[in-house]
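**Student:** A single structure is presented below for examination.
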Amino acid sequence: MASKLWRNIWQFLNTEIELNLSETVKGGVESAKAVLEIAKALQENQDAKELKPFIENIDSVLDVLNSPLGKVAGSGLPFLPIATGIITFIIEKNRQEPTLEDEVKLVAQVAYLESLRIFLIDHPEISEKLTETEASEAVQKQIKKLDEEIDFNDRDARDTLICFYDSPLRKKFDEILIERFKESDLDENQAKIVTERISRSTHRYMKEAVLEVKNNAKKLAGIYGYGWQQDLEIYSSLDKYLEKNIATKPDEEVFDEKFTFRQIYVPLLDNS
């Protein structure tokens, strides 16, 4: 069956359209495709009726991890609009904001996937190593039971917004992603290093999502107060600095030598 989170979301989205929750969610790659279809539908500004068949077929936004991981980046679809689009639609339609717990769980899932997507785009040396492997049955079950296994209350939601890395969600998400990387041909150490980086970047994308809905989602935006927008400006400034001053370094010559930094660079995850 669709998870509690998605049942709640659907009730907010449109109480007049019956969602068939008695059917068993197919899971696996079909659920992963459904998540990508939701992202596409929201980009195209489709209404709740158009989302119905896709929402019926997923347990979690993390269902997308059932697909080969290369498709997360290769789809070209950002994940943040899944949360921002649905939350905005609910508030505009019903004049009522979802519970903080539901908002945070949804935002955390899409932010985690967005962090993964950006990491794979920025690090082709990793994404090119990944095999076209679908999730094992064991991992599919982990994803399917995710919503049931996490006891997530209002306090957890607030703590997650303040620091995703300390959230009970982070540990569960990381366990799933490490296994998916291992199934995709990274060794355990590589899988843990990459997952750690993705996990630590997730909070940034949570803040970006909240920025998009801050005028409507008062519960969500209110937790951050006023300082979080300044944090996003710092992230942006850091990105520009790295692009301008650091990204060009590999092609510079080492002191007065004829070789460049790129030519002597040893990748962190090199197994040779």
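Read-outs throughout are calculated quantities, based only on the coordinates presented, and are distinct from any laboratory measurement. The model shown is predicted, which means the values in this text are computed figures rather than measured ones. Cβ coordinates were reconstructed from backbone atoms using ideal geometry, including for glycine residues, and neighbour counts include every protein chain displayed.
**Student:** Would you kindly state how much longer the chain becomes between Arg95 and Glu175 on full extension, computed as 0.36 nm times their sequence separation minus their alpha carbon distance, in nm to one decimal?
**Tutor:** Gain on stretching Arg95 to Glu175: 25.1 nm.
**Student:** For the residue pair Cys163 and Arg197, what label-to-label distance in nm results when each label sits 7 Å from Cα along the Cα-to-beta-carbon direction?
**Tutor:** So the label points at Cys163 and Arg197 sit 2.3 nm apart.
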